[in-house]
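The values are calculated or read from the model by the stated rules, or taken from the named source; none is laboratory data. None of the values given here were measured: they were computed from a predicted structure. FYI the Cβ positions are ideal-geometry reconstructions off the backbone, even for glycines, and counts take in every protein chain you see.
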Amino acid sequence: MEEVPQRVLVITPHPDDAEVWCGGTVARWIKEGAEVYFVLCTDGGKDTFDRQVSSEDLATIREAEQREAADILGVTQMVVLGHPDGELEDDDVFRRELVRQIRLVRPDVVLCPEPYRRNLAWHRDHRIAGQVAIDAVFPYARDHLHFRELWEQEGLEPHKTATVLLWGAEQPDTHMDIGDTLEVKIRAVAVHQSRRSGRSESEVAEFVKERAIGDGAGQDYDYAEAFRKLTFRT
């Protein structure tokens, strides 16, 4: 995918997911003139082995880390939905929230998790966030009679998004060269100190580089991020 979108919406289930999976692509597009918006779906308040921290305190820490990471990448705006970690549902409440953000941002591209993985374990929130995001793009955000209150009461006109890029796909078909933004990605991932599990900054950097090398295997560049691409008629 060589063209640079003007507006991008990233739908991330938890704090740090976006940086780990698409931070280099986000930083590259922003560097090339795109506006990127984040929707943080859950509070991330469960993912820890620390018996001394409460879910509420962890959520506060992780939101602050996510905001710092978004600033490092150059994200225009981050919206926090605040669902409890592990409790995303494929329902009208969540779908309406995502449709609202799509109609507000009016993105050319949406990035979100791949909902369908057969052979690799995947967090429930990732599966649901990906599926609901795809459904929100098509047909719900497109058709004015879906969630018509968004159109009638909030003045949010329908919007057609041309492309969805799914991260975490078992069979990716789209690769982004992130060689020029790898260091920015590393800095953004590293601010999520609550997720480091004792790893040093150098170990985090090595983890990010190894993943990027793996995603770039077979490409004409050294470091990449990999996605499965969905296209919709606009």
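Within the stretch 216-232, the residues that satisfy the criterion of being surrounded by fewer than 21 Cβ atoms within 10 Å (Cβ to Cβ) and either touching a strand residue (DSSP E or B) at 6+ places or on another chain (Cβ under 7 Å) or in contact (Cβ under 8 Å) with a residue 60 or more places away in the chain (or both) are Gly216, Gln219, Tyr221, Arg228, Lys229, Leu230, Thr231, Phe232. Out of the stretch 183-214, which residues are surrounded by fewer than 18 Cβ atoms within 10 Å (Cβ to Cβ), within 11 Å of Asp16 (Cα to Cα) and not basic (Lys, Arg)? Selection gives Gln193 alone. Of the set (1) of a type in the set (A, V, I, L, M, F, W, C); (2) closer than 23 Å to Gly198 by Cβ; (3) part of a loop (DSSP other than H, G, I, E, B), all apply to Met1 but (2). Residues that are surrounded by fewer than 24 Cβ atoms within 10 Å (Cβ to Cβ), among the hydroxyl-bearing types (Ser, Thr, Tyr) and in contact with a helix residue (DSSP H, G or I) (Cβ under 7 Å, 6 or more places away or on another chain) within the stretch 17-64 comprise Tyr37, Thr48, listed in sequence order.
The residues in the stretch 46-64 that are in contact with a Gly (Cβ under 9 Å, 6 or more places away or on another chain), touching a residue at least 40 places away in the same chain (Cβ under 8 Å) and either assigned to a loop (DSSP other than H, G, I, E, B) or under 21 Å from Cys22 (Cα atoms) (or both) can be counted, and the count is 4. For Val79, the conditions (1) closer than 30 Å to Arg148 by Cα; (2) crowded, with 23+ Cβ neighbours inside 10 Å; (3) of a type in the set (Val, Ile, Thr) are fulfilled apart from (2). The condition of being surrounded by fewer than 18 Cβ atoms within 10 Å (Cβ to Cβ), in contact with a Leu (Cβ under 9 Å, 6 or more places away or on another chain) and either modelled with pLDDT under 95 or hydrophobic (A, V, I, L, M, F, W, C) (or both) holds for only one of Trp151, Trp167, that being Trp151.
Within the stretch 170-192, can one find any residue that is touching a Gly at 6+ places or on another chain (Cβ under 6 Å), closer than 23 Å to Gln6 by Cβ, aliphatic (A, V, I, L, M) and not in a loop (DSSP other than H, G, I, E, B)? Looking for residues that are touching a Gly at 6+ places or on another chain (Cβ under 6 Å), closer than 23 Å to Gln6 by Cβ, aliphatic (A, V, I, L, M) and not in a loop (DSSP other than H, G, I, E, B), one finds at least one in the stretch 170-192, hence yes. A residue that is within 28 Å of Gly45 (Cβ to Cβ) and either among the basic types (Lys, Arg) or not in a loop (DSSP other than H, G, I, E, B) (or both) occurs somewhere in the stretch 145-165. Of a type in the set (Lys, Arg), in contact (Cβ under 8 Å) with a residue 12 or more places away in the chain, crowded, with 20+ Cβ neighbours inside 10 Å and not in a loop (DSSP other than H, G, I, E, B), is that true of Arg96? It is false that Arg96 is of a type in the set (Lys, Arg), in contact (Cβ under 8 Å) with a residue 12 or more places away in the chain, crowded, with 20+ Cβ neighbours inside 10 Å and not in a loop (DSSP other than H, G, I, E, B). Quickly run through the stretch 71-91 and pick out the residues that are outside any strand (DSSP E or B), touching a residue at least 40 places away in the same chain (Cβ under 8 Å) and out of contact with any Cys (no Cβ under 7 Å at 6 or more places or on another chain). Matches in the stretch 71-91: Ile72, Leu73, Gly74, Val75, Thr76, Pro84, Asp85, Gly86, Glu87, Asp90.
Restricting attention to the stretch 9-45, the residues being in a loop (DSSP other than H, G, I, E, B), in contact (Cβ under 8 Å) with a residue 40 or more places away in the chain and under 26 Å from Ile213 (Cα atoms) number 4.
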